[in-house]
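> Structure in structure tokens, see below.
The values are calculated or read from the model by the stated rules, or taken from the named source; none is laboratory data. All values derive from a computational prediction rather than experimental measurement. Heads up, the Cβs are rebuilt from the backbone with ideal geometry, glycines too, and the neighbour counts pull from every protein chain shown.
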Amino acid sequence: MAVTSFVQANTNGDLHAAETPSLSPLNRGFLYGDAVYEVWRTYQNALYAWSEHWNRLHASARALHLSIPWSEKSILAEIHKTATAFRQHTAYAGDLYIRLQVFRGAGPIGLDVKLAENPGFVILIKPVPEISAAARATGSHLTVAQSIRRNSPQTLDPAWKTGNYLNNIMGLREARARGADDVVFLNLQGELTESSTSNIAFIRGQVLVTPPLAAGILPGITRATVLQRVAAQAGLAVEERVLRVPDLVDFDEAMLLSSTKDIQPVGSIDDTHYRVDSNSRLWRLKTCFEAHAIAASGENETMRL
């Protein structure tokens, strides 16, 4: 199946190619990152974890005092419309990446939220990214950020999934400049948090270990599912605890957790290397997660795209 580079967009109900301009330069999402968003993916062409992401979108919006005036049913209908247009344009039949961004609106230049006019939304749909053969064979190479720390929850809380991604961008820029695929952020206390777009977890023996939410991380949907349901199915106990850089050498395996990646192997963090061979327990975990996601996604025909 050929993978297309085309991205289908939907701005406030109007379908268009993503490269076609559709927003005012005075849009606050563009000017200030004054927006919230969520990303879904499909498994066997059915939306996975729709409600969990929808609820988190509203939690982020409440934190920003941002109004979401559309119903769940109406936004889901817009996603269906956008997915249909994408498939018609590309003839792509595989699984999809779905991004919904809600912005506060446009208006006169200025930070005051009262300057914003009507809120709006943008939906973007493309093929879901697939793990490369190289990443599957050797895992990603990560590096611990040295020049920047993760946002503190007392400043801009990483639990809010907002359009302001500069902290993540700068951390990833540093990682790429050092030849790594991604970054591992520390918080202001020197504790491990997460990567630029994913939660992180480790395996030692029969125990899966991950930083706690209190470290200042996004409450990942995949992370929660793994901890609450899938780890036990894979024969792993779960431990959430504070981790620091010296702890990295204590683990056998490492992984990234996110909605688009689900479970992706990490082969190394700086000079510490981890197992990614076929006997690694993370592959059993990934298999169990995919089985769970397929079963959960297939329960409701209205979620098929």
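> Quick one: Ser74 ticks every box in (1) over 20 Å from Arg56 (Cβ atoms); (2) over 22 Å from the mean Cα position of the chain (by Cα) bar one, so which box is it?
The failed condition is (1).
> Restricted to segment 128-155, and to residues that are part of a loop (DSSP other than H, G, I, E, B) and of a type in the set (A, V, I, L, M, F, W, C), which residue is farthest from Asp262 (Cα to Cα)? First the steps, then the outcome.
Taking segment 128-155 and keeping what is part of a loop (DSSP other than H, G, I, E, B), we get 128-132, 139, 145-155.
From what is left, the residues that are of a type in the set (A, V, I, L, M, F, W, C) are 128, 131, 145, 148.
Working: Val128: 11, Ile131: 10, Ala145: 23, Ile148: 26 Å.
Here the answer is Ile148.
> Check Trp160 against each of (1) surrounded by fewer than 19 Cβ atoms within 10 Å (Cβ to Cβ); (2) farther than 24 Å from Leu57 by Cα; (3) in contact with a helix residue (DSSP H, G or I) (Cβ under 7 Å, 6 or more places away or on another chain) and name the one condition it does not meet.
Result: Trp160 passes all but (2).
> While we're on this one: Give the residues of segment 1-21 that are over 22 Å from the mean Cα position of the chain (by Cα) and either of a type in the set (Lys, Arg) or at pLDDT below 95 (or both), sorted by residue number.
The answer is Met1, Ala2, Pro21.
> Let me ask something additional. When residues of segment 254-305 are filtered for being part of a loop (DSSP other than H, G, I, E, B) and of a type in the set (Ser, Thr, Tyr), how many remain? It would help to see each step written out before you state the result.
First, pick out the residues of segment 254-305 that are part of a loop (DSSP other than H, G, I, E, B): 259-261, 270-271, 274-280, 298-300, 305.
Retained after the next criterion (residues that are of a type in the set (Ser, Thr, Tyr)): 259-260, 274, 278, 280.
Selection size over segment 254-305: 5.
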